[in-house]
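The values are calculated or read from the model by the stated rules, or taken from the named source; none is laboratory data. Since we're looking at a predicted model, the values are computed, not measured. Positions of Cβ are backbone-derived with ideal geometry, glycine not excepted, and every protein chain shown enters the neighbour counts. The area values use the complete protein model at the heavy-atom level, side chains included, leaving out ligands, DNA and RNA. Shrake-Rupley method; radii C 1.70, N 1.55, O 1.52, S 1.80 Å.
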Amino acid sequence: MRRILTASLLALSLTAAGVAQADPVKIGVITTLSGGGAGLGVDTRDALVLAFKKSGNTDVELVIEDDAQKPELAVQIAEKMIQSDKVDLMTGIIWSNLAMAVVPNTVAQDVIYLSPNAGPSVLAGANCHKNYFNVAYQNDNFHEAMGQYANQDYKKTFILAPNYPAGKDSLTGFKRYYKGELAGELYTQVGQTDYAAEIAQIRASGADSVFFFLPGGMGIAFMKQYAQSGVGLPVLGPSFSFSQDVLPAVGDAALGVKNSASWSKDLDNEANKEFVEAFQAEYGRLPSIYAAQSWDTANLILSALAKASVKDKDAFRAALKEADFKSVRGEFTFNANQHPIQNIYVREVVKEGDVLTNKIIGTAFEKHGDAYVGQCKM
């Protein structure tokens, strides 16, 4: 599916900030809009579109395409966007295996890529690049936070994640901070929907808790089956498995689950209040962390466009690196590897009226970077 959105057609009657960019800016957006992970990409797309719409900037054109969560398709789309569409910037990819298929070749062609989600360790470390900015996190970060949190109450945690780059980074991150014993460690199939065998192993393991990273439809399937199994051990996870886009499908089985994130709808800052209100008014639903990260990505781009032309790559990269925008996460800066330094919170799934959502119950890390910055030689 292909959509081209020109901001001039979407602009509200808001006055844009002074924009240094005189020529139209074309941004290629590759994201997942079909299949089991579609909810993640839809929130990413919708927040990006809304942020540019709210800005009133009439010089931005979004070229949006669906990768269907297929690396080979994402590669084809990226090449078309670079060679035929002549995009100035690229963003949108959700999944780390797709990012690894697309990003290295994109940045090598001197196209700046801004990640609104995927943060594989290799792109934070040895393969960092001046044209690659991650506006979300490094994959290990949220899992590190839950490893730290688990130390408070648990001594023997069972951990599992899908067998792809983000899944491996997930369990690596959890183990980096967790001091207890592992009751078991499993890598599942990407896209798996039947977890009977894994739940049986958890039941027999002697675990006192379960940590899992299963984004999108995988997490929905696991949680429903886990609740039905009656195993009953406390569940921990990153926000991806309990984000706003999946909670309605998981249902009350998610209540009380602790999860980690750099953002929550109840973060008390003006930018976040405006974002949550605008997103809910536009789309009739609460935003997820994918939407929050995408909103910040758009506003980072807008802040750089106010200072430099995207045609002047050195000046534009410098403007991006300044991160001179009001993040919905509050304080936000880039580390030397152009990955975030940010707070990471612990949230709990609660019910507000009939709506399942998250509330912050603590802070796992303040001004947290990533473990790979020392490997980056930029």
- Message: With farther than 19 Å from Thr44 by Cβ and surrounded by fewer than 24 Cβ atoms within 10 Å (Cβ to Cβ) as the only criterion, which of Gly251, Gly284 stands out?
- Response: Gly251
- Can we say Ile344 is crowded, with 23+ Cβ neighbours inside 10 Å, modelled with pLDDT of 95 or more, farther than 18 Å from Ser260 by Cα and among the hydrophobic types (A, V, I, L, M, F, W, C)? no
- If we scan the stretch 324-338, do we find a residue that is under 18 Å from His143 (Cα atoms) and in contact with an Asp or Glu (Cβ under 6 Å, 6 or more places away or on another chain)? no
- Note on the structure: In the stretch 287-308, residues that are under 25 Å from Ala145 (Cα atoms) and surrounded by fewer than 21 Cβ atoms within 10 Å (Cβ to Cβ) total 0
- Message: Out of the residues in the stretch 205-248 meeting the condition of being outside any helix (DSSP H, G or I), polar (S, T, N, Q) and at pLDDT 95 or above, tell me which one is nearest to Thr44 (Cα to Cα).
- Response: Ser209
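Per-residue answers, yes or no, for (1) basic (Lys, Arg); (2) in the same structural domain as Leu300 (by TED's automatic domain parsing); (3) at pLDDT below 90; (4) within 25 Å of Gly216 (Cα to Cα):
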{"site": "Leu9", "(1), (2), (3), (4)": "no, no, yes, no"}
{"site": "Leu33", "(1), (2), (3), (4)": "no, yes, no, yes"}
{"site": "Thr44", "(1), (2), (3), (4)": "no, yes, no, yes"}
{"site": "Leu50", "(1), (2), (3), (4)": "no, yes, no, yes"}
{"site": "Ala78", "(1), (2), (3), (4)": "no, yes, no, yes"}
{"site": "Lys86", "(1), (2), (3), (4)": "yes, yes, no, no"}
{"site": "Asn97", "(1), (2), (3), (4)": "no, yes, no, yes"}
- Can you name the residue in the stretch 309-324 that is open to solvent by less than 20 Å² (accessible area, probe 1.4 Å) and in contact with a strand residue (DSSP E or B) (Cβ under 9 Å, 6 or more places away or on another chain) and, of all such residues, is nearest to Thr363 (Cα to Cα)? Ala323
- Query: Just for the stretch 183-219: of the residues that are open to solvent by 40 Å² or more (accessible area, probe 1.4 Å) and charged (D, E, K, R), which one is farthest from Val235 (Cα to Cα)?
  - Reply: Asp194
- Item | Residue check, Phe222 closer than 25 Å to Gly184 by Cβ and crowded, with 23+ Cβ neighbours inside 10 Å | yes
- Exclusive hit being farther than 15 Å from Ser262 by Cα and among the aromatic types (Phe, Trp, Tyr), set Tyr137, Tyr149, Tyr132: Tyr132
- Can you spot a residue in the stretch 325-340 that is more than 20 Å from the chain's Cα centre (by Cα), within 22 Å of Ala291 (Cα to Cα) and open to solvent by 20 Å² or more (accessible area, probe 1.4 Å)? no
- Count - residues of the stretch 138-182 that are under 14 Å from Val210 (Cβ atoms) and open to solvent by less than 10 Å² (accessible area, probe 1.4 Å): 12
